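The values are calculated or read from the model by the stated rules, or taken from the named source; none is laboratory data. Just so we're clear, the structure is a prediction, and the values are computed from it rather than from any experiment. Quick reminder, even Gly has a Cβ in these numbers, built from the backbone with ideal geometry, and neighbours come from all protein chains shown.
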There are 2 protein chains.
Amino acid sequence: MTSMRADAVRNRDLVLATARRAMAEGDMSLQLNDLARRAGIGVGTVYRHFPTRRALLESLAEPAFTALLDDARVASLREDAWTGLRQILRTLLVQQLSDPAFTEVISTSPALDASPDTTSHREAFADLAQAVLERARQAGALRLDLTPDDLHHLVCGTAFALRLTPDPNACLDRYLQVLFDGIRTTA
Amino acid sequence: MTSMRADAVRNRDLVLATARRAMAEGDMSLQLNDLARRAGIGVGTVYRHFPTRRALLESLAEPAFTALLDDARVASLREDAWTGLRQILRTLLVQQLSDPAFTEVISTSPALDASPDTTSHREAFADLAQAVLERARQAGALRLDLTPDDLHHLVCGTAFALRLTPDPNACLDRYLQVLFDGIRTTA
DNA sequence: CAATAAACGGATAAGTCATCCGATTAGACT
DNA sequence: AGTCTAATCGGATGACTTATCCGTTTATTG
């Protein structure tokens, strides 16, 4: 079994924790040198664990992805496909509002150099979303000209709109409603 | 009359042209040092005309703003307020798809250090939009819980969604329709 | 407790940002 | 045309950020 050395694990977690703290303080720059200094470890160590800003982002987004998947699994089992779809859309918005790293990962085309974890999370979610979407379509009232990708883009767009807002959480359900009404078939 | 020196005007235009060329080539970084080199003028000259990346962006966005205003004036005079509103929303999307600088300016809260031109353009547009919105509301069928700002955010969100797309122009009218249906009153 | 592969850390080369100020020049005035 | 001067120019430069490399240290294994 090829496991990581204890100090490596410790330092990796330390970087992640420091990065989260920095983001919570409003510093989105995620400068790896700066994180190293803040975490009290060497720059080389940080760069070894996270060769790029992007790699760090994906690791930061990991828990949000897990939460999203858990939620989507529940949602996909709901009796009413529309309710399930709504729940998934809402969770996507909520996660984006609460986690900038997740936002950046989910709002970007799957990168070629993405971590295996990120890729598999994306695929797992895409499958769940597609299933719910399919059921919702069969239940009627979903626009015919919307692909799963379209919906993905539109949700990210709605999250973007919310971020422009002075109080995103206050606007969440209103904007979600606009999106939701928009993806119904027009009479 | 306090006019600019001829060489100053020339160099300013040169920087703008160089920046546009760079953006057309897909380089969004707008590094002022780099632009200076490309334009064949001194760094100091570039920084004098455009102290920040933001100032440059606003100048680049100027023509798009003018086009938007021209269009909005026409739209606001239309018989049918809904048609006018739709036209304005569409133009906002089209301009954002064709001009990244405009996109960045319009998708941002009015900055305190914004140029007078940008500020007055924004205000003029806000007035026109508000008027059309008001008429559309009276014509019925517009959600009651949407402020002009909400609509602004949602349009920028839709533009963001379009940018995630492989072929934004192909999706434009589809996504616009989703937005448009979303802002109607639900039955 | 040695052996060693893995991980550490920080000096540093390369690249970017933005300012400052001596040199230059456009435009006004004679 | 020639002179003056305030406006503009340009690039050397210092501060800052990025990312690598490699000698040193340490966790793990038997």
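Can you find a residue that is part of a helix (DSSP H, G or I), more than 25 Å from B:D149 (Cβ to Cβ) and out of contact with any strand residue (DSSP E or B) (no Cβ under 7 Å at 6 or more places or on another chain) anywhere in segment A:154-165?
no
For segment A:132-157, name all the residues that are within 18 Å of the chain's Cα centre (by Cα) and within 12 Å of chain B (Cβ to nearest Cβ).
A:D149, A:D150, A:L151, A:H152, A:H153, A:L154, A:V155, A:C156, A:G157
Look at segment B:1-39 and say how many of its residues are surrounded by 10 or more Cβ atoms within 10 Å (Cβ to Cβ) and more than 15 Å from DNA strand D (Cβ to nearest atom).
Qualifying residue count, segment B:1-39: 8.
Tell me which residues, restricted to segment B:102-118, are surrounded by fewer than 13 Cβ atoms within 10 Å (Cβ to Cβ) and in contact with a Ser or Thr (Cβ under 7 Å, 6 or more places away or on another chain).
B:P110
Look at A:T108 and say whether it is among the β-branched types (V, I, T), closer than 17 Å to A:R163 by Cβ and not in a helix (DSSP H, G or I).
Answer is yes for this residue.
Kindly provide the set of residues from segment A:43-61 that are near DNA strand C (Cβ under 7 Å from one of its atoms) and either over 18 Å from A:M4 (Cα atoms) or at pLDDT below 95 (or both), ordered by number. Write out each step before concluding.
Going residue by residue through segment A:43-61, those that are near DNA strand C (Cβ under 7 Å from one of its atoms) are A:43-45, A:47-49.
Scanning segment A:43-61 gives a single hit, A:V43.
Of the residues B:L85, B:L60, B:L56, B:L69, which is in a helix (DSSP H, G or I), among the aliphatic types (A, V, I, L, M) and within 15 Å of DNA strand D (Cβ to nearest atom)?
B:L56
Quick test for you: out of B:A39, B:A64, B:A22, pick the one residue that is of a type in the set (A, V, I, L, M), more than 9 Å from DNA strand C (Cβ to nearest atom) and either more than 18 Å from B:F102 (Cα to Cα) or in contact (Cβ under 8 Å) with a residue 40 or more places away in the chain (or both).
Details: B:A64 fails: either more than 18 Å from B:F102 (Cα to Cα) or in contact (Cβ under 8 Å) with a residue 40 or more places away in the chain (or both); B:A22 fails: either more than 18 Å from B:F102 (Cα to Cα) or in contact (Cβ under 8 Å) with a residue 40 or more places away in the chain (or both).
Of the residues listed, the single one that is of a type in the set (A, V, I, L, M), more than 9 Å from DNA strand C (Cβ to nearest atom) and either more than 18 Å from B:F102 (Cα to Cα) or in contact (Cβ under 8 Å) with a residue 40 or more places away in the chain (or both) is B:A39.
Being touching a helix residue (DSSP H, G or I) at 6+ places or on another chain (Cβ under 8 Å), at pLDDT below 95 and away from chain B (no Cβ under 13 Å) narrows it down to one residue among A:A111, A:A124; which is it? If you could, list the steps in order and put the result at the bottom.
Working: A:A124 fails: at pLDDT below 95.
It is A:A111.
Applying the selection to segment B:156-187, what residues are closer than 14 Å to A:G182 by Cβ, modelled with pLDDT under 95 and exposed (fewer than 15 other Cβ atoms within 10 Å of the Cβ)?
If the condition is that a residue be closer than 14 Å to A:G182 by Cβ, modelled with pLDDT under 95 and exposed (fewer than 15 other Cβ atoms within 10 Å of the Cβ), then B:T185, B:T186 are the ones that fit.
If you go through segment A:174-187 one residue at a time, how many are within 7 Å of chain B (Cβ to nearest Cβ) and of a type in the set (A, V, I, L, M)?
Selection size over segment A:174-187: 3.
Quick check on B:D117: is it of a type in the set (D, E, K, R), assigned to a loop (DSSP other than H, G, I, E, B) and touching a residue at least 12 places away in the same chain (Cβ under 8 Å)?
Answer is no for this residue.
Any idea which of B:F102, B:F180 is of a type in the set (F, W, Y) and closer than 25 Å to B:L56 by Cβ?
B:F102
Please work out if A:R78 is outside any loop (DSSP other than H, G, I, E, B) and outside the structural domain of A:A24 (by TED's automatic domain parsing). Step through it out loud before you land on a result.
On the way: outside any loop (DSSP other than H, G, I, E, B): no; outside the structural domain of A:A24 (by TED's automatic domain parsing): yes.
So A:R78 does not fit the description; no.
Looking for whichever is in the same structural domain as B:T118 (by TED's automatic domain parsing) and assigned to a helix (DSSP H, G or I) here; the options are B:T91, B:T45. Which one fits?
Among B:T91, B:T45, only B:T91 is in the same structural domain as B:T118 (by TED's automatic domain parsing) and assigned to a helix (DSSP H, G or I).
Check whether at least one residue in segment B:158-173 is within 8 Å of chain A (Cβ to nearest Cβ) and of a type in the set (D, E, K, R), and report yes or no.
No, segment B:158-173 contains no residue that is within 8 Å of chain A (Cβ to nearest Cβ) and of a type in the set (D, E, K, R).
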